[in-house]
1. For the stretch 76-175, what's the relative contact order in percent, using C-alpha pairs closer than 8 Å and at least 6 residues apart?
2. List, in the order given, every pair from Lys39/Lys272; Lys11/Lys39; Lys67/Lys243 whose Cα-Cα distance in the structure shown is over 22 Å.
3. Can you work out D for the chain in µm² s⁻¹ from Stokes-Einstein, where Rh is the Kirkwood radius over C-alpha pairs, the temperature is 25 °C and the viscosity is 0.890 mPa s?
4. I'd like the distance separating the alpha-carbon centroids of the stretch 67-102 and the stretch 1-22, in whole Å.
5. Give the span of the stretch 245-286's Cα atoms along each principal axis, as three whole-Å numbers ordered largest to smallest.
6. Just rank Thr84, Thr23, fewest to most, by other beta-carbon atoms within 10 angstrom.
7. Using Cα pairs under 8 angstrom and six or more residues apart, how large is the relative contact order of the stretch 1-108, in percent?
8. Working from the pairwise distances between different alpha carbons, so that the mean of 1/r is found and then inverted, what is the stretch 68-165's Kirkwood radius in Å?
Amino acid sequence: MKIIDRLNENKINISFEVFPPKTDEGYDKVASATDEIAKLNPAFISVTYGAGGGTSKNTARIASHIKDDLHVLSLAHLTCASSTKEEVRQVIENLKRLGIENILALRGDIPEGIQFPSNDRFRYASELIGEIRKHGDFCIGAACYPEGHVENEHKEDDIRYLKQKVDSGVDFLTTQMFFDNDIHYNFLYRIREAGITVPVLPGIMPITSASQMKKSVELSGTVFPRRFLSILDRFGSSPAAMKQAGIAYATDQIIDLLANGVKNIHIYSMNKPDVAAAIMSNLSEIIRA
Ligand SMILES: Cc1cc2nc3c(=O)[nH]c(=O)nc-3n(C[C@H](O)[C@H](O)[C@H](O)COP(=O)(O)OP(=O)(O)OC[C@H]3O[C@@H](n4cnc5c(N)ncnc54)[C@H](O)[C@@H]3O)c2cc1C
């Protein structure tokens with residue numbers, strides 16, 4: 001089943017994300033975290049793709065496990081900057097062979113030490129999306145950035161390129177993490193004005209430790225509101241308290257989004273089933289209302 005068909009059902013959809021193991025030895029641990037997350041009855045589980053392309057085999061393996069053994073929709077991420085066009089074509093063909101229908105198409109970060117752009121690599125996610133469309137009837141998601149992508153100085157450029165990307169064949173968008181819902185509402189308003197009509201899944205990351213927050217800032221350049229910083233200030237050095245407060249903060253963000261008419265939410269709880277379960281428990285009545 002395609003994720004876009006699930007999103008069009010007009011009910012509340014909560015999805016989760018996992019990252020694949022870097023080595024085959026780590027497979028069982030990731031698979032068992034995924035098994036626990038699947039028990040929460042998510043709309044789908046997405047599987048990230050290693051920045052260097054190195055985990056491509058394990059992305060496909062975990063995505064197949066989710067689909068075939070756990071009977072949950074799976075979304076395989078695919079990046080193109082770190083691989084040649086030919087390598088990317090092989091990955092797409094492999095996903096097709098495995099019966100994986102849903103791909104999140106990304107450019108990925110540009111690896112250091114390679115010539116980029118170059119003729120033998122896709123330059124933007126939009127080019128990758130065009131390629132995926134040639135290989136079969138996939139449901140294709142793509143990334144968007146409510147606070148702007150780090151490479152763009154001007155937010156207008158971001159929206160202009162996003163519109164081009166969506167027009168290249170995107171079925172739905174998932175946002176970069178954000179911690180202030182007003183930023184998301186403002187972004188939604190601007191992209192709808194620009195004529196982007198596909199479903200947008202806000203990406204919510206529960207921050208459960210001070211080190212995770214530091215990593216998130218480095219990765220995304222996101223802005224943390226004062227309310228979040230006070231939590232970190234007060235509880236950052238008490239791991240159990242910080243975890244509880246981070247889960248509560250993410251829950252709060254989700255409740256606000258649902259109260260404002262958002263139907264689809266993607267949670268970056270990564271390979272932490274306990275965090276995913278705590279959020280779902282907090283929402284148990286809310287998602288039924
Ligand atoms: C939901 C989500 C999931 C992610 N999953 C992964 C993952 O699994 N693995 C991973 O390595 N990374 C992942 N990332 C990170 C992502 O790969 C990086 O943010 C990357 O730098 C951009 O990828 P993109 O697909 O958004 O690129 P693009 O959409 O290609 O955009 C890249 C940059 O080029 C600009 N641009 C686009 N088109 C044009 C054009 N025609 N002319 C000029 N400029 C243009 C854009 O505005 C942007 O600044 C994810 C990000 C998000 C939000």
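Just so you know, all these numbers are worked out from the coordinates, no wet-lab data involved. Note that the structure is a prediction, hence the values are computed from the model and not measured. Ideal geometry is used to build each Cβ from the backbone, glycine not excepted, and the neighbour counts take in all protein chains shown.
1. 30
2. Lys67/Lys243
3. Value of D from the Cα-based Kirkwood radius: 126 µm²/s.
4. Using only Cα atoms, the two centres lie 15 Å from each other.
5. 28, 17, 16
6. Values: Thr84 15, Thr23 9.
With the fewest neighbours first, Thr84, Thr23 line up as Thr23, Thr84.
7. For the stretch 1-108, the relative contact order is 26 percent.
8. On the way: mean 1/r = 0.0690 Å⁻¹.
Result for the stretch 68-165, one decimal place: 14.5 Å.
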